[in-house]
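Student: One structure coming up, written as structure tokens, with questions to follow.
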Amino acid sequence: MQAKKRYLLVFVSCAFLAYCYFGGYRLKSEISDTEINFLPDFVDLETVRTGSAIRHKERPISESTNECRMETCFDFSRCHKDFRVYIYPPDDSLVPSHSYQKLLSVLEESRYYTNDPTKACLFVLSLDTLDRDRLSTDYVRNLQIRIQRLPYWNNGQNHVIFNLYSGTWPDYAENGLDFDTGMAILAKASVSINSIRSGFDISIPLFHKKHPEKGGEPGFVVSNNFPLNKSYLLAFKGKRYVHGIGSETRNALFHLHNERDIVMVTTCRHGKSWKDMKDERCDEDNKEYDRYDYEVLLQNSTFCLVPRGRRLGSYRFLEALQAGCIPVLLSNGWALPFAQVIDWSKAVVWADERLLLQVPNTVRSISPTNILELRQQTQILWEKYFSSIEKIVFTTLEIIRERLPKQTPRDGTVWNNSPGALLTLPQFSDSPLQFPFTVEESLDQFTAVIYCQLGSLVVPSSPLYRLITSVARSKYIARIIIVWSNDKSPPPKGRWPSLPSRIPLNVLQFSSDPTKPSISQRFYPHPLIETSGVLSLDEDTVLTTDEVDFAFKVWMQFPDRIVGYPARSHYWDDAKGSWGYTSKWTNDYSIVLTGAAFYHRYYNILYTEWLSPLLHKTVEQSQNCEDILMNFLVSHVTRRPPIKVTQRKQYKEQPPNGGRSPWNDPDHFIQRQTCLNTFAAVFGYMPLLRSNLRLDPVLFKDPVSNLRKKYRQIELIGS
Amino acid sequence: MTISIRASKLVNSKIPSFKHFFIALFIILLLSIITAFVVQNWSFNNDGYETYEKLQLKNILNLPEVKLSDDAPSSRPHNSKCTYWDCFNIYRCGRTGHDRIAIYVYPLKKYVDSKGIPSVEMMSKEYYMILQSVIESKYYTANPHEACLFIPSIDTLNYERIRANLTSKALESLTYWREGENHLFFNMISGTASDFSTILEINTGDAIIAGAGFNTHTYRVGFDISIPIFSPIAHLAEINYINDLRQWFVISSQINIDSYFLDELQDMQLHNSGLLILDACQVHNYSKRCEYGSHQQFVYPQILQKGTFCMVFRGERMSQLVLLEALAANCIPVIVMDEVVMPFSNVIDWKRAAVFIMEDYLHTLLDVLKKISEERIQSMRKQVKFLYEKYFSSIRALVETTFDIVQDRVYPNWGKNYDDWNLRPDELNKSPLFLPITAPRSQGFTAAILTYDRVESLFILIDKLSKVPSLSKVVVIWNNQKKSPPPMSSFPQISKPIKVIRTKANKLSNRFFPYEEIETEAILTIDDDIVMLTADELEFGYEVWREFPDRIVGFPSRTHVWDNVTLSWKYESEWTNEISMVLTGAAFHHKYWSYLYTTTMPAQVRDWVDEHMNCEDIAMNFLVANVTNKPPIKVAPRKKFKCPQCVNNEMLSADMGHMVERSQCVDRFTKAFGRMPLKSVEFRADPVLYKDAFPEKLKRFNDIGSL
């Protein structure tokens, strides 16, 4: 008994000692918690000053132009009405470089352009400022004096100056433009975060002389293999500078070269006198350099190293982006292109020049899932903002536009996701849910827009009358709009079919120029169209209610695409070297005719306000092809083909006794073929995409009782 | 020693109980000494040569004094050219062995000059809380030699409370100062009357400033961190729900705002009743506000809960308390501050939560605000709530966000991107296959056949598959551990490679393992008894998958329905007009989904599937729909998916118990995923010329739908 007590005593005292030793600190911290109550607040709310700004208007204006901000160096009053760009008339004695010519012609053809300087918000020089390296052939001399002579220069206010290269050997100074840019906004490549005037200047990518004016090549990524199996993990092939600015990084790259999955090859064989400057590694390097092909590396590597050159940016950046070879940046302090709107962390890997030897480790630790994301994002960014000079220039302008007062902002989700900010017009809506790019369950109604060009009679037997009645029977119809585009005035109210009161019928007559009605009116974004879904119809279209209902249900799943019945296709005609158009029955299609199709009303805005005036002119002149243009537009935005539903191929009432409708005229076809080629030229590429499938109701033609089928009428319509 | 001597004495005295007791005591003592020694030693080994003690926040009221003489050297002035690349010493980071920055806090001291006057009055409550948050954060280290970031323990929150000269001297005396390299200062009130500098005017050298009140000129992009000024009373305005009914459209609540702002507001007020302009009451009190020009009194900041928009004007300082108060009250801030650097603006997209108006354009205020759609107001409210709760609700949240930003700079490739910082949990995440492309035909697909022992039917299937032009490889997943697969020589001789994989356990999940042998994007999972599909059907199925590479595309379809009687989800295999699932007994899917199935499927779902040997296809449909929010695609008309030979199979499928179990699966998985992710559609995909009166030989796919 005694012994037990003693044991107990010893155990208890041991436990207590152990507690004091290991856990005693808990007691201490409890004490200090109360101490906080004795401490004062960092600020005394009763005396804190919350008001009385010193307004910048009253501030001295002596701030140098290095300190320019939109609020201090930009005249917003010029931009109250429209966001227009004026280009100075060309100086005949100076021919700008090829790249700058392309840049100017893009602007001239764009919707931003104005030839009236009083209406302009922004001014762009016709003097070539792209290359300000004094040793370059494109260098324009005496720019300072020439600029001073410009009539609207005003110390650069509201001007945008595009620049790719500044400074020259040996220091390649960033501000070495050799003229005073004053208050002009610089859109400049290879800028560092330290020299960019925040919220004012814009970093643009360095692009090649061969960079296309419009359209541009798509990215190289065509598949999303998982995990990505490329022969090389990380690759670089390029020049090395033996000494001088930017040489350090590239001279050290050979340490990473392992010939297996990391290929880092450099050469010093560039410039006239490379042999005089060469160091002991040059010969060995050159030998290794010649073993690899640049294109092959680009295509077969998961990551591509993008080290700084003499300047911070390099062509390699865009090349890697296009190839879907995830750029690994080794360029400390570089302000990436359009970084104020693009989240580059989704598409590139940042390495640190100071930690060069860690690059392989960093790259190896990136997971396959992450690689899948990064790689896809390179393609989205390339195609939306970088693949042509047009996109680079428009992105620059849109960034400036967003800074103007009263603009509806587009947040980062718009900029960093497909279809990107250039195709998301803020004037349409400030809510992403209104756009067709998210599937919203709440889309439950559509507006039918019937385009009447022939001026048909409205009698119960006429196609138009029957069309209205069968469309009105749809469960999902909200309103019927008749776009009357004929010299004759539309029939009086009483002649139209009587509809249930929940379905209003509006007849709109476009009277702007009754002798020459424009066929594009059918896509006019009329405020009466309140639903997201638009069913576009011709007056002689034949459709059953089941077909309408089914197509609408399908469209709800694909609100970003055109969903319709009759389809057409385009093909490349090798003999003629041009695009061909066919209405033959084929195994695939790329166009769905808008004589009977659903689409999102947002495309009306894009069609009317975004398309280049050149395209509208083509449609105007031919009074045709508006449906092809709509297909171009939608495919351009979504990069997906349209969708054909059901078997229907004929959708027109056959004209009695072989009468001529514009649609069975042989000229009509030739005209459409011409349109196709013109559109492709203006877009800069062929946006149409092919599909091999059509969508039918789940039980279509299945051997099951018709009573079980939801869309019975569809079964009865042959092709 | 003494113990043993005593023990030996006691042994001599021949009292066994004592002897035992002392032996036991001896052993216990010995053991505890050894343990203590081991523990001590172990921690020694961990920390190098010395141990470092976690900083204690105690005795704040009387800290050890350090006297600085009048001629003590002062630190270098603030370096306005600093960037992350040249002022931040990256080599000080990464010494911990894990990819996380380590933060050290200097010991608490009181710095006094020769007259005994301290550099800072008493440490403020907020700074105390900052230090506390640092010490308790995951980044904290007590070891200055492995630290990447250093926090001085001098309270620099309010410039008006510190003596700049003495503080600069104190900084120079810090052990690891080195021109301020890798040091971080928290500052909420910078400058003082009358110039109200926007930076902390002490000699911080190359240190990072986490400050409120920067403007775009003084903020060093990519280096400094902009934080908000903390309002000690913001929490009083907190509101837990999103309130749509708000009495005032716009509330301006700052005291003594600039007369220009006031005039503009009053102008607007003449035509609009929804505008509330507040100012101080006659008896000044921060928590009471009176309507301008009247004596109606409101309790501040609670009044902000009644406003849709709350004005934040620039004052002498760029940072205003009202910002945090408005965020707490879920009132959308309207920022009228030219050249402002918003808090955490390098990671937070304020366009989603606030309205910006230039000072000169204040007169457009109501135009701009009234143009904002109801939908956007709703989403901004949600965003304000999200931002406040996540980044601004407490000192701790501010401190942690600041460190997260530094962490992401040092380890950018493990960092968070735009979506991680800005998207609310209710915003649907993006499909991992988001690039809009049609997959290339050239790659073809890999057929993955899960089989147990039906060799005969397997061979028929392989033979049939070999006639599909786009087949690139057959992978047979042999799920029978008791029996070896037939020798390769007995397999049908086809022109495409065949690989047999033997599994370790008979699990249905094996069908969805992302085997290395599968080199194509597309996988056709097919049961060994599905021999009735024609080559045209399979080839067409692949064509459809190419156009929808992020979905499951397949042949037999099913749907789910809500049973109003049992109040649960039911599985439906009848001929319906809708489909929401495609059975993976014959379906194409992207290999990434196999990877997701294997790695991220909720454990309860995976275990259920393996335990019951059923529902793996339902689980896959749930998984894909949950990630993409898109329904699967059914291809071609319905056929009889059973073979006349396999009686067992038919029995199994027809078995009522089987159907009941599958209904249970749907119900159970819905609970596991936290929602019903399946989406129903009314369409299927057919070839463009299906059933058309058109010469069959001109159709690319003509053998479709034969029974």
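Student: Can you give me the % of accessible surface on chain B that is carbon or sulfur? Probe 1.4 Å, all protein chains present, nothing else counted.
Tutor: 53 percent
Student: For the range B:400-442, what does the alpha-carbon gyration tensor say about shape, rounded, prolate or oblate, given a ≥ b ≥ c as the root eigenvalues, a/c under 1.5 as rounded, and a/b over b/c as prolate? Intermediate values should be presented prior to the final figure.
Tutor: Numbers: a/c = 5.95, a/b = 1.96, b/c = 3.04.
Oblate, because a/c is 1.5 or more while a/b does not exceed b/c.
Student: So how much accessible area does residue B:356 have, in Å² to the nearest 10, using a 1.4 Å probe?
Tutor: The accessible area of residue B:356 comes to roughly 90 Å².
Student: May I pose another question? Over the whole of B:507-513, what's the average partner chain Cβ count within 10 Å per residue? Rounded to a whole number, please.
Tutor: Mean shielding count: 0.
Student: Using protein chains only and a probe of 1.4 angstrom, how many square angstrom of residue B:70 are accessible, to the nearest 10?
Tutor: Estimated to the nearest 10 Å², residue B:70 gives 100 Å².
Student: Taking square-rooted eigenvalues a ≥ b ≥ c of the alpha carbon gyration tensor, is chain B rounded, prolate or oblate, where a/c under 1.5 means rounded and, failing that, a/b exceeding b/c means prolate?
Tutor: Oblate.
Student: Let me check against my output: what whole-number percent is the relative contact order of chain B, with C-alpha pairs under 8 Å and at least 6 apart?
Tutor: Relative contact order, chain B: 8 percent.
Student: Please list the non-local residues whose amide H lies under 5 Å from the amide H of residue A:482, H modeled 1.01 Å from N, same-chain partners needing a gap of 5 or more.
Tutor: Amide H neighbours of residue A:482: A:450, A:506, A:507, A:508.
Student: Quick one: which residues, 5 or more positions from residue A:189 or on another chain, have an amide H under 5 Å from its amide H? H modelled 1.01 Å from N in the peptide plane, none for Pro or chain starts.
Tutor: Close amide H contacts, sequence-distant or interchain: A:163, A:164, A:204.
Student: With just the Cα atoms defining each centre, how far is the range A:434-503 from the range A:90-168? Give it in Å.
Tutor: What the calculation gives is 51 Å, centre to centre.
Student: Could you work out [θ]222 nm for chain B from helices alone, using -39500 (n - 2.57) per DSSP H run of at least four and dividing by all its residues? Round to the nearest 500 deg cm²/dmol.
Tutor: -9500 deg cm²/dmol
Student: Okay, moving on. Return the sequence-ordered ³J(HN,Hα) values of the range B:118-133 in whole Hz as given by the Karplus equation 6.51 cos²θ - 1.76 cosθ + 1.60 applied to θ = phi - 60°, using x for Gly and Pro.
Tutor: Running phi through 6.51 cos²θ - 1.76 cosθ + 1.60 with θ = phi - 60° gives x, 5, 10, 4, 3, 4, 7, 4, 5, 5, 4, 5, 4, 4, 4, 5 Hz.
Student: While we're on this one: Less than 17 Å apart at the alpha-carbon level, and either on another chain or at least 8 residues along: which lysines does that give for residue A:210?
Tutor: Of all the lysines, those that pass the test against residue A:210 - Cα under 17 Å, at least 8 places apart if same chain - are A:102, A:391.
Student: Follow-up. Under a 1.4 angstrom probe, counting protein chains only, how are A:289, B:515 ranked by accessible area, largest first?
Tutor: Ranking A:289, B:515 by accessible area, largest first, yields A:289, B:515.
Student: A further question on this structure: Using mean Cβ contacts within 10 Å as the protection proxy, how do A:241-251, B:522-532 order, highest first?
Tutor: B:522-532, A:241-251
Student: A further question follows. Using a 7 Å offset from Cα along Cα-Cβ at residue A:38, what residues in the range B:155-176 end up with backbone N under 12 Å from the label point?
Tutor: none
Student: Taking beta carbons within 10 Å but only from partner chains, what does the mean come to for residues B:220-230?
Tutor: 2
Student: Which residues belonging to the range A:606-649 lose at least 50 Å² of 1.4 Å-probe accessible area when the assembly is complete, relative to their chain isolated?
Tutor: A:640
Student: What is the diffusion coefficient of the range B:287-420 in µm²/s, taking the Kirkwood radius over Cα pairs and the Stokes-Einstein relation at 20 °C with a viscosity of 1.002 mPa s?
Tutor: 131 µm²/s
Student: Between rounded, prolate and oblate, where does the range B:371-433 land on the alpha carbon gyration tensor, with a ≥ b ≥ c its root eigenvalues, rounded for a/c under 1.5, else prolate if a/b exceeds b/c?
Tutor: Note, shape of the range B:371-433 comes out oblate.
Student: Please report the carbon-and-sulfur percent of the accessible area for chain A; probe 1.4 Å, protein heavy atoms only, DNA, RNA and ligands left out. It would help to have the intermediate numbers written out before the result.
Tutor: On the way: 16020 of 30360 Å².
On chain A, the fraction of accessible area on carbon and sulfur atoms equals 53 percent.
Student: Excluding ligands, DNA and RNA, what is the solvent-accessible area per residue of the protein assembly as shown at a probe of 1.4 Å, expressed in Å²?
Tutor: Heavy-atom accessible area per residue stands at 42 Å².
Student: Contact order normalised by length for chain A, with contacts defined as Cα pairs under 8 Å and 6 or more residues apart; what percent is it? It would help to have the intermediate numbers written out before the result.
Tutor: Working: 1170 pairs, mean separation 65.7, N = 719.
Relative CO of chain A lands at 9 percent.
Student: Rounding to the nearest 10 and keeping the result within 0 to 90°, find how far the Cα-based axis of helix B:455-465 lies from the longest principal axis of chain B.
Tutor: 80 degrees
Student: Residues of the range A:211-228 losing 50 Å² or more of accessible area relative to the isolated chain, 1.4 Å probe, heavy atoms only?
Tutor: A:222, A:224, A:225, A:226
Student: For n ≥ 4 DSSP H runs only, could you compute -39500 (n - 2.57) per run for chain A, divide by its residues and tell me the 222 nm figure to the nearest 500?
Tutor: Numbers: 21 runs with 199 residues, N = 719.
So the helix-based figure for chain A works out to -8000 deg cm²/dmol.
Student: In straight Cα distance, which lysines are under 19 Å from residue A:275, not counting same-chain residues fewer than 8 positions off?
Tutor: A:239, A:287
Student: Let me check I've understood the local charge: for residue A:154, count other residues with C-beta under 11 angstrom from its C-beta, Lys and Arg +1, Asp and Glu -1. What total comes out? Don't skip to the end; give the middle numbers.
Tutor: On the way: positive: A:78; negative: A:75.
Every neighbour counted, the sum reads 0.
Student: Taking the mean number of other Cβ atoms within 10 Å as a proxy for protection, how do you rank A:473-480, B:479-486 from highest to lowest?
Tutor: Result, highest mean Cβ count within 10 Å first: A:473-480, B:479-486.
Student: What angle, in degrees between 0 and 90 and rounded to the nearest 10, separates the Cα long axis of helix B:16-47 from the longest principal axis of the Cα atoms of chain B?
Tutor: The helix B:16-47 is inclined about 90 degrees to chain B.
Student: Note the angle between two axes, namely the Cα long axis of helix B:374-387 and the longest principal axis of the Cα atoms of chain B, as a number of degrees from 0 to 90, rounded to the nearest 10.
Tutor: 70 degrees
Student: Another question, if that's okay. Order the peptides B:105-116, B:245-256 from the highest to the lowest mean number of other Cβ atoms within 10 Å of their residues.
Tutor: Those peptides, ordered most packed to least, come out B:245-256, B:105-116.
Student: Straight-line reach from residue B:390: which lysines fall under 20 Å, measuring Cα to Cα and dropping same-chain residues less than 8 apart?
Tutor: Here the lysines satisfying the reach criterion relative to residue B:390 are B:138, B:351, B:382, B:416.
Student: Then there's this: Using protein heavy atoms only (no ligands, DNA or RNA), what is the total accessible area buried between A and B, 1.4 Å probe, nearest 100 Å²?
Tutor: By this definition, chains A and B bury close to 11800 Å².
Student: With the alpha-carbon atoms as the only input, what is the per residue convex hull volume for the protein assembly as shown in Å³?
Tutor: 283 Å³
Student: When Cβ neighbours within 10 Å are restricted to other protein chains, what is their mean count per residue of peptide A:411-417?
Tutor: Across the residues of A:411-417, the mean count of other-chain Cβ atoms within 10 Å is 5.
Student: Considering just Cα atoms, how many Å³ per residue does the convex hull of the range B:174-221 enclose?
Tutor: Taking the convex hull of the Cα positions in the range B:174-221, it is 78 Å³ per residue.
Student: Using the basic label-point model (7 angstrom from Cα toward the beta carbon), what is the residue A:401 to residue A:137 distance in nanometres?
Tutor: If labels sit at residue A:401 and residue A:137, their model points lie 3.7 nm apart.
Student: Report which residues of the range B:346-370 become buried by 40 Å² or more of accessible surface when going from the isolated chain to the complete set of protein chains (1.4 Å probe; DNA, RNA and ligands ignored).
Tutor: The answer is B:351, B:358, B:360, B:361 - residues whose exposure falls by at least 40 Å² when every protein chain is included.
Student: Which helices, taking whole DSSP H runs in chain A, have alpha carbons extending 27 angstrom or more along the helix axis plus mean Kyte-Doolittle at least 0.0?
Tutor: Details: long enough: A:2-23 (30 Å, 0.80).
Qualifying helices, which must be both long enough and hydrophobic enough, are A:2-23.
The values are calculated or read from the model by the stated rules, or taken from the named source; none is laboratory data. Computed from a predicted structure; not experimentally measured. Positions of Cβ are generated from backbone atoms using ideal geometry, with glycine treated the same way; all protein chains shown enter the neighbour counts. Please note that ligands, DNA and RNA were not included when accessible areas were found on the heavy atoms of the full protein model with its side chains. Shrake-Rupley method; radii C 1.70, N 1.55, O 1.52, S 1.80 Å.
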